[in-house]
Amino acid sequence: MSRPISVSVSPTVPAQVIRPNPPNATRTIEALRELGYDSYASVMDLLDNSIDAQASNIDVKISEEKGDIRIVIEDDGLGMDEDALDEALRLGSEMQRDTGDLGKFGLGLVTASIGLSRRVELYTRELGGSLLYGGFDLDDIAEHDRFLKWIQPLGDVEGLARVNGTRIQLSKTDRIRNRNVTTFASTLRKKIGQVFRKFLKADRKITVNGKAVEPIDPLMLSDPNTSLLLETEIEVEDGGSVVVRAVELPDLGQAGNTERGIIAQNSGFYVLRNNREIMEAQGFDFYKKHPDFSHFRAEILFDGSLDAVFHTDVKKMSINPSQSFLDKLRQATQGLITQAGRQGRARAHAKRGQIDHSLAEGNITRRATLIPKPPALMERRSSKARRDTASQGSGAKKRVPHVIDLKTISGLKVVFEEASYGEGHFYQVGQSGRTITITYNREHPFWRELVEHATEPKVVATLDYLVFAMANAELLVPEHARIVKENVNTTLVGLLV
């Protein structure tokens, strides 16, 4: 047991006896298992160690033995000596790390491993060194309520012929949700391909169950039809800078877009720390995922020296940037996002054509006699009196109605059209003869969020009736039309944006 230590807090306070205060090992381990790693994130956190060890080849094997899913990660990296292995198996390792390393707190190997399994074993060898074997078992820790591990030298072991490198074996895997080996391996291969795409493109080789992992780039930068919209640097609080790159993905047709994942769910911002993806398809509270923006993608790239600025979490799965940075990011990209939305709507309109409004058009025409028509408006004018004569009449004079032909409303015809005219009102109304034309604004949130996604004819007709009622009221009372339209537009934007 460690001895108490006496320290003097101040000249006026007696020396304080500071005692060791070790945590409860069992409860600490169980708490760390609840950090929030999913099965795939745990494996990729372990791959970080292989890449930091300068491995060129990494093999991941997923297998099942007597109901237990076993995961083995083997690399040809630098390997470890006994001191390094001892540190690697410790919570909060004191191993020196560069800002370019993928590791962050020295917790990754332990916390990522126990996020999946109860038993962790490592075989490692430095170039010219001895083969070492180390590990720990959570059941041993629980039994003795102490942090325990083992480290010992080994002779030659079959299957461990590399002159240098490390093998990690995870067993007693009680935290894997998908226990179908084939499905788990297939999904893991794709996730590794996206998260480590920069390294794979730089000739790092990773296999999962013997099949090579191919890089998956959500920005499709190698596609000649991808449009690079922006590549710039944004300064952050400590004087450092972040690279921001934005693109417009090509249109591959409905089937091609679906196959390549060009959908709203995958649009947005991808965050990479030291060229390793840690967040995907983020909105940061100002980018809204919508089918119109399916082709917009952006990357935010920063290095480990900015971890304190971005508050990178211990799992390297999220950041919490300052509002100042988000404001700069929005300023740099908002115009491009708006442009991408317009192009997306244009593509959608070209493929879909105009919505069928015939049900509402026919019904309004048939029931024209039931629709209110404008009265003959009265306009008060001062009477014109000749000099030395008495005025004649009350001064009231009939004014020509705003919509002349609606006096003969039995001949009314209504037509619904679509157009794009910026961020104005969500419809415009006009009359030519006995035809009232209502033109929807495709750029308005009311259209984007509701009308263009309505597929049932009755739903489309109901929306048309509501808009026609407002448009007809506008024609009936023109002097109040601007105020009514402004209020309606403000309400809709507030509800839908």
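The values are calculated or read from the model by the stated rules, or taken from the named source; none is laboratory data. None of these values were measured; they are calculated from a predicted model. Virtual Cβ from ideal backbone geometry, glycine too; neighbours counted across all protein chains shown. SASA here: full protein model, heavy atoms, side chains in, ligands and nucleic acids out. Shrake-Rupley method; radii C 1.70, N 1.55, O 1.52, S 1.80 Å.
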Item to complete: Residues that are among the aliphatic types (A, V, I, L, M): find the helices (runs of 4 or more DSSP H) completely inside segment 246-354 holding 3 or more of those.
Response: 323-352
Worksheet item: Does T462 satisfy the condition of being modelled with pLDDT of 70 or more, surrounded by 13 or more Cβ atoms within 10 Å (Cβ to Cβ) and more than 37 Å from the chain's Cα centre (by Cα)?
Response: no
Discussion item. With touching a residue at least 60 places away in the same chain (Cβ under 8 Å), at negative phi, part of a helix (DSSP H, G or I) and open to solvent by less than 10 Å² (accessible area, probe 1.4 Å) as the only criterion, which of L188, L219, L170 stands out?
Written reply: L188
Worksheet item: Which one of these is open to solvent by 20 Å² or more (accessible area, probe 1.4 Å) and under 19 Å from Q339 (Cα atoms): L249, L228?
Response: L228
Worksheet item: In segment 347-378, what count of residues is obtained for those that are open to solvent by 60 Å² or more (accessible area, probe 1.4 Å) and either at pLDDT 85 or above or not β-branched (V, I, T) (or both)?
Response: 14
Discussion item. Going by what's in this entry, would D203 be described as surrounded by fewer than 17 Cβ atoms within 10 Å (Cβ to Cβ) and in contact (Cβ under 8 Å) with a residue 60 or more places away in the chain?
Written reply: yes
Discussion item. Could you go through segment 293-309 and let me know if any residue there is under 30 Å from I51 (Cβ atoms) and at pLDDT below 85.
Written reply: no
Response to the item:
Over segment 119-156, the set of residues in contact with a Lys or Arg (Cβ under 6 Å, 6 or more places away or on another chain) and among the aromatic types (F, W, Y) is Y123, F136
Item to complete: Considering each of I483, I409, I404 in turn, give the residue that is at negative phi, open to solvent by less than 20 Å² (accessible area, probe 1.4 Å) and either modelled with pLDDT of 85 or more or over 34 Å from the mean Cα position of the chain (by Cα) (or both).
Response: I409
Item to complete: Keeping to segment 58-86, report how many residues are open to solvent by 60 Å² or more (accessible area, probe 1.4 Å) and farther than 15 Å from L160 by Cβ.
Response: 8
Worksheet entry | Of all residues in segment 416-454 being open to solvent by less than 40 Å² (accessible area, probe 1.4 Å) and aromatic (F, W, Y), the one that is farthest from T491 (Cα to Cα) | F416
